[in-house]
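Here, each number is a calculation from the coordinates, and none is a lab measurement. Just so it is clear, the structure is predicted and the values come from calculations on it, not from any experiment.
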Amino acid sequence: MVAGTSLSAVGGRFGRLRWPGLALLVTAAALLATKLVFHQGLGLGVPVWKGLYGGTIVAAGVFCVVFARRGERVAWTLIGGATVLVGAAQLYWAYVLVEMAHPP
C-alpha cells in the first residue's frame with residue numbers, strides 16, 4: 001500500500017458498495033462450490049448455473065478493476081480486465097456457441 005492512502009479511500013465513490021458486493025460474490029462462490037462438491041442443483045436449472053458461473057468470474061474482475069489501490073492500479077486493472085474478458089468468453093460459450101451444431 002502506498003504511504004498516505006487508506007483502505008477507506010479505495011474504490012472512490014464505489015467504496016460503500018464494497019462489502020455488500022463482496023458478500024454477494026462470496027455467496028455466489030459458495031453456491032458454486034456446493035454444486036460442484038455435492039452435485040446438488042438446489043432446484044436451479046442449468047442456464048442459471050451457467051450464468052452464475054460466468055457472472056461470478058465477471059464480478060470478480062470488476063471488483064479488481066473498481067477497487068484497485070493507487071500504486072498498484074495498473075496491475076490490478078490489467079488483471080481485472082483479463083478476468084472480465086474470461087468471464088464474458090465463458091458466458092458467450094455457455095449461451096451461444098454450445099447451442100450451435102457447428103461452432104466456429
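So here's what we get for this one:
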quantity	calculated
For the stretch 13-99, alpha-carbon Rg relative to the globular expectation (2.2 N^0.38 Å, N residues)	1.20
Percent RCO, i.e. relative contact order, over the stretch 13-99, from Cα pairs under 8 Å lying at least 6 residues apart	28 percent
